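Take a look at the structure below.
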Amino acid sequence: MTKPVAVIPARGGSKRIPRKNLKEFFGNPIIFYPIQVAIQSKLFGAVYVSTEDNEIAQVARDCGAEVIPRNSSLADDFTPTVPVIRHAIKYLVQKGECFDEVCCIYPTMPFLEAHELITGYQLIRSGKWKFVFSAVEFEYPIQRAFRISSAGQVSMFDDTKFSSRTQDLESSYHDADKFYWGSTDAWLSETTLFSSSSTAVIVPRGKTVSIDTEEDWQAAEQLFGSLN
């Protein structure tokens with residue numbers, strides 16, 4: 001049985017947090033943490049960082065990862081994740097690598113845990129799912145959400161749920177931005193990541209933060225400090 005590979009997409013041009021993927025987080029570049037967890041999980045034949053940035057590439061190698069050079073056209077503000085993973089798969093196949101599953105791991109995720117990756121791998125290996133990703137439950141029922149107009153007026157998205165008890169409303173979840181397992185064929189196809197052919201590994205709400213803004217970064221520091 002061939003071992004899967006991990007691909008960490010890490011471009012150099014972050015705008016909201018400049019050089020985000022290399023920013024120091026508790027004494028290490030933040031990309032250090034997911035690389036180390038992926039290696040320590042012992043799941044992968046290799047852990048790769050896909051990047052167009054020479055400094056990120058060097059740091060990735062220093063952290064124990066291998067590097068997939070990425071064209072700058074796949075590293076702008078508008079490039080989604082899936083084309084980057086497809087590029088990585090095609091690059092590795094051309095190099096003669098053989099693997100059946102690929103796990104995409106985000107570079108600014110210091111809260112990733114090996115057991116989460118292992119659970120996801122077990123699910124993808126079952127053959128029942130095309131994708132397996134991490135998810136977290138919304139803190140508040142989305143059925144009770146409301147909008148505020150430009151004039152300041154409030155209206156519910158679904159006013160039929162105004163009187164519903166919280167415990168009577170269906171649980172809802174969102175992407176936890178930790179990892180995305182997929183078969184090689186699924187990544188290369190037009191299969192939608194969020195569909196009935198996917199399932200999720202539910203992670204604790206109090207053990208993850210998606211880092212997109214400086215405020216998120218500060219929240220991540222507070223959480224990481226409390227957990228370690």
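The values are calculated or read from the model by the stated rules, or taken from the named source; none is laboratory data. These numbers come from a predicted model, not from an experiment. A quick note on method: Cβ atoms are made from the backbone with ideal geometry, for glycine too, and the neighbour counts reach across all protein chains shown. With ligands, DNA and RNA removed, areas are computed over all heavy atoms of the protein, side chains included. Shrake-Rupley method; radii C 1.70, N 1.55, O 1.52, S 1.80 Å.
Being among the aliphatic types (A, V, I, L, M) and assigned to a strand (DSSP E or B) is the filter here; which residues of segment 41-52 pass it?
We begin by selecting, within segment 41-52, every residue among the aliphatic types (A, V, I, L, M); these are 43, 46-47, 49.
Within segment 41-52, A46, V47, V49 qualify.
Does V132 qualify as being more than 27 Å from G13 (Cα to Cα), open to solvent by less than 50 Å² (accessible area, probe 1.4 Å) and among the β-branched types (V, I, T)?
On the way: more than 27 Å from G13 (Cα to Cα): yes; open to solvent by less than 50 Å² (accessible area, probe 1.4 Å): yes; among the β-branched types (V, I, T): yes.
The answer is yes for V132.
Test of understanding: among T191, T166, which residue is farther than 21 Å from A38 by Cα, modelled with pLDDT under 95 and open to solvent by 60 Å² or more (accessible area, probe 1.4 Å)? Quick ask: steps written out before the conclusion?
Numbers: T191 fails: open to solvent by 60 Å² or more (accessible area, probe 1.4 Å).
Result: T166 is the single residue among T191, T166 that is farther than 21 Å from A38 by Cα, modelled with pLDDT under 95 and open to solvent by 60 Å² or more (accessible area, probe 1.4 Å).
Output the number of residues of segment 9-40 satisfying the condition of being over 23 Å from D76 (Cα atoms) and either part of a helix (DSSP H, G or I) or aliphatic (A, V, I, L, M) (or both). First the steps, then the outcome.
At the first step, the residues of segment 9-40 found to be over 23 Å from D76 (Cα atoms) are 25-28, 33, 36-40.
From what's left, either part of a helix (DSSP H, G or I) or aliphatic (A, V, I, L, M) (or both): 33, 36-40.
Result for segment 9-40: 6.
Can you name the residue in segment 72-90 that is under 15 Å from S14 (Cβ atoms) and not hydrophobic (A, V, I, L, M, F, W, C) and, of all such residues, is modelled with the highest pLDDT?
Within segment 72-90, the match that is modelled with the highest pLDDT is T81.
Of everything in segment 135-163 that's in contact (Cβ under 8 Å) with a residue 60 or more places away in the chain and touching a strand residue (DSSP E or B) at 6+ places or on another chain (Cβ under 8 Å), which residue is most open to solvent (accessible area, probe 1.4 Å)?
Restricting attention to segment 135-163, the residues satisfying the condition of being in contact (Cβ under 8 Å) with a residue 60 or more places away in the chain are 135-137, 139.
Filter once more, so that each one left must be touching a strand residue (DSSP E or B) at 6+ places or on another chain (Cβ under 8 Å): 135-137.
On the way: A135: 5, V136: 5, E137: 70 Å².
The qualifying residue most open to solvent (accessible area, probe 1.4 Å) is E137.
Name the single residue that is most open to solvent (accessible area, probe 1.4 Å) among those in segment 61-83 being of a type in the set (D, E) and touching a residue at least 12 places away in the same chain (Cβ under 8 Å).
Initially, segment 61-83 is screened for residues of a type in the set (D, E), giving 62, 66, 76-77.
Checking which are touching a residue at least 12 places away in the same chain (Cβ under 8 Å) leaves us with 66, 76-77.
Values: E66: 95, D76: 64, D77: 78 Å².
Applying the filter and picking the extreme gives E66.
Go through segment 7-58 and count every residue that is of a type in the set (A, V, I, L, M, F, W, C) and more than 29 Å from V93 (Cβ to Cβ).
Residues in segment 7-58 being of a type in the set (A, V, I, L, M, F, W, C) and more than 29 Å from V93 (Cβ to Cβ): 4 in total.
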